[in-house]
Amino acid sequence: MSALTPHTVLLVALAALVGYVVGSVPVGYLIGRSQGIDIRTHGSGKMGATNVLRTLGPRASALVMLCDVGKGILAVGLALLAAHTLSAETAAGVAAIVGHIFPLFAGFRGGRGVATSLGALLVISPLVGLAALAIGLVVIARSRVASLGSLVGGGLALAIMLVLFLHRTETLLPLIYCLLAFAIVAAAHRDNIQRLASGTERKIQL
């Protein structure tokens, strides 16, 4: 972990600011507007890929998913290029998730942060990110419940990172990223978790 010098603190703060702005780009909202609707007035009211799938179909949903993953990749990638410190990457990744959920450019009403958190993780720890993606997709394919796959994938990423940290093959900051990302995404899924517990969560219609 980098020493907390004034220079490091400034870099981390700038990385967080840029990450938040990148995360705030409301891709789902913009794609909905291109088709004449405000995606936030349909379905779950979120602008992520799952609500876009239900409202606008698979092609629009795939585009939103790729762009939202790209936001996380871009936010952390810019921090990596500019600062070369894990602290800046971690700050940028977490801030991008917050930006996606509370976007500056869409009235602070965004998505749930899953795809953006995955994109950031793919830069911070590519193998853990790919493992989380693979398991999440398997869970979604078998259950047809997007929220379940998202939460399982995020929880798995956190568990893997914890094991790696305990075995001293990973440092603390990636673990902190996974912990914060999972906590934020889980908080954004509060209503989904309640429906999962009651057995009323909606399934994806294939």
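The values are calculated or read from the model by the stated rules, or taken from the named source; none is laboratory data. Please read these numbers as outputs of a predicted model, since none were measured by experiment. FYI the Cβ positions are ideal-geometry reconstructions off the backbone, even for glycines, and counts take in every protein chain you see. These accessible areas exclude ligands, DNA and RNA; they are computed on the full protein's heavy atoms, side chains included. Shrake-Rupley method; radii C 1.70, N 1.55, O 1.52, S 1.80 Å.
Roughly how compact is region 1-81, stated as its Cα Rg over 2.2 N^0.38 Å to two decimals? Don't jump to the answer; show the numbers that get you there.
On the way: Rg = 16.2 Å, N = 81, 2.2 N^0.38 = 11.7 Å.
My calculation over the Cα atoms of region 1-81 gives 1.39.
Take HIS84: with every protein chain present and a 1.4 Å probe, its accessible area is about 130 Å². Multiplying the residue separation of ARG142 and LEU172 by 0.36 nm and subtracting their alpha-carbon distance yields 7.5 nm.
How large is the charge dipole for region 32-79, taken about the Cα centre, if only the Cβ atoms of Lys, Arg (+1) and Asp, Glu (-1) carry charge, to the nearest 20 debye? Can you show the working numbers first?
Working: 6 positive and 2 negative charges, 16 e Å.
Here region 32-79 has a charge dipole of around 80 debye.
Positive end of the dipole of region 119-206, charges at C-beta (+1 Lys, Arg; -1 Asp, Glu), about the Cα centre: which of VAL128, GLY199, LEU151 has its Cα farthest in that direction? Checking the options against the dipole of region 119-206, the answer is GLY199.
If LEU151, LEU80 are ordered by their accessible area, calculated over protein heavy atoms with a 1.4 Å probe, which sequence runs from highest to lowest? Numbers along the way, then the final one.
Details: LEU151 30, LEU80 70 Å².
The ranking, largest first, comes out as LEU80, LEU151.
If I model region 46-134 as equal point scatterers sitting on the Cα atoms and use the Debye formula, what is log10 I(q)/I(0) at q = 0.12, 0.14, 0.25 Å⁻¹? The Debye formula, applied to the Cα set alone, gives -0.35, -0.48, -1.18.
In plain terms, the chain from LEU196 to ALA134 could stretch by 20.2 nm, reckoned as 0.36 nm per residue minus the Cα-Cα distance. Seen from ASP38, the other residues with C-beta closer than 13 Å to its C-beta sum to a net charge of +4, counting Lys and Arg as +1 and Asp and Glu as -1.
On region 33-167, 72 percent of the accessible area sits on carbon and sulfur atoms, based on a 1.4 Å probe.
To one decimal place, what Kirkwood hydrodynamic radius in Å is obtained for the chain from all pairs of distinct Cα atoms? Intermediate results must be reported in sequence, preceding the final value.
Values: mean 1/r = 0.0589 Å⁻¹.
Taking every pair of different Cα atoms in the chain, averaging 1/r and inverting gives 17.0 Å.
So if each residue of separation counts as 0.36 nm, and I subtract the Cα-Cα distance between LYS203 and VAL21, what length gain in nm does that give? Write down the numbers at each step before the final one.
On the way: separation 182, 0.36 × 182 = 65.52 nm, distance 3.19 nm.
This chain segment gains 62.3 nm when fully extended.
Per residue, the accessible area of the chain comes to 49 Å² when a 1.4 Å probe rolls over the protein heavy atoms. When the alpha carbon coordinates of region 102-177 are projected onto the principal axes, the ranges are 42, 33, 15 Å, largest first.
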